[in-house]
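Step one of this worksheet: look at the structure below.
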Amino acid sequence: MSAIYALWLRELRRASRSRAQIVASLGQPLLYLLVLGFGLGPVFKAAGRGNYLQIVAPGVIAMTVLFSSVFSGMGLLWDRQFGFLKETLVAPVPRLQIMLGKTLGAATVAVVQGLLVAIVSVIAGFRPVSLAELPLALLFMMLIACVFSALGTAIGSVLVNIQGFQMIMNFLVLPIFFLSGALYPLDGLPAVLSMITRLDPLAYGVDGLRTSLIGVSHFGMAADGAVLVVVAMMLLVAGSRLFSRIQV
């Protein structure tokens with residue numbers, strides 16, 4: 001446990017030294033939030049669907065956590081390229097603890113970034129329906145972060161160059177985001193698209209955030225939490241096995 005804590009703390013210190021990078025990474029979420037939130041707001045309201053900012057803000061928070069978490073795999077590739085990973089792997093510590101420490105550290109940073117976007121959302125006009133449900137929203141942010149930090153670590157354990165990670169971003173992470181319903185409600189979708197969204201773990205994270213923040217649910221909060229916990233456990237197991245096979 002001490003090794004997990006040490007690696008978790010190391011990831012937090014690395015993030016604190018790159019505060020400018022964290023601020024810069026918030027540019028895309030804020031673009032979605034402000035441009036789409038206010039740009040499509042009148043259209044959404046004219047269609048009788050209410051305030052679009054209330055719908056898109058939980059999705060943008062989930063998007064922030066998603067991208068920050070998956071990019072933990074990029075950090076793993078950088079560590080491998082510059083030799084830092086080798087120093088960690090030769091330490092007398094089980095690789096499972098190393099993987100868990102790095103995953104939890106990346107998840108913590110992702111949740112912090114998600115909280116920053118949530119604060120900006122409130123400033124922009126987003127209003128949660130119940131302050132009592134905010135701990136549940138934080139829980140869903142943590143679950144999303146754990147799922148995709150484990151995914152990022154698994155991907156980073158398999159790839160050997162950063163160019164390959166960019167391909168993963170284009171063919172895996174972006175579809176996960178756009179099919180999650182982060183930018184639109186999931187009700188009323190065509191049957192095929194609705195079936196695909198049910199296979200997207202982020203869709204359950206977005207739905208859980210919307211349920212806890214604005215009281216709008218599609219799958220149900222219990223189903224959202226159960227799916228995220230199961231997927232997180234599966235990815236942690238897969239990621240630990242792939243991480244254990246890295247050659248030093």
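The values are calculated or read from the model by the stated rules, or taken from the named source; none is laboratory data. Since this is a predicted model, take the numbers as computed values, not measurements. Every residue, glycine among them, receives a Cβ derived from its backbone with ideal geometry; neighbour counts consider all protein chains shown.
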Point to revise | Residue that is farthest from the chain's Cα centre (by Cα) [pool: residues in region 109-143 that are among the small types (G, A, S) and buried (at least 18 other Cβ atoms within 10 Å of the Cβ)] | key: S121
Check your understanding: What are the pairs, 6+ residues apart or on separate chains, where a residue within region 188-217 that is farther than 18 Å from L235 by Cβ has its Cβ under 6 Å from a residue that is among the aromatic types (F, W, Y) and at pLDDT 90 or above?
Key -> D207/F219; L209/F140
Practice item. Using the structure shown, decide if L172 is closer than 22 Å to Q54 by Cα, surrounded by fewer than 23 Cβ atoms within 10 Å (Cβ to Cβ), out of contact with any Ser or Thr (no Cβ under 9 Å at 6 or more places or on another chain) and not basic (K, R). Key: no
Point to revise | Filter result (of a type in the set (G, A, S) and under 22 Å from L104 (Cα atoms)) within region 151-189 | key: G152, A154, G156, S157
Point to revise | Residue match in region 227-239 (condition: surrounded by fewer than 16 Cβ atoms within 10 Å (Cβ to Cβ) and either at pLDDT below 90 or touching a Cys at 6+ places or on another chain (Cβ under 6 Å) (or both)) | key: yes
Check your understanding: Since L186 meets every condition but one in (1) within 27 Å of R80 (Cα to Cα); (2) surrounded by 17 or more Cβ atoms within 10 Å (Cβ to Cβ), which condition does it not meet?
Key -> (1)
Exercise for review: For region 8-78, please list each of the helices (runs of 4 or more DSSP H) lying entirely inside it that holds at least 1 residues being modelled with pLDDT of 70 or more and hydrophobic (A, V, I, L, M, F, W, C).
Suggested key: 27-31, 41-46, 52-70
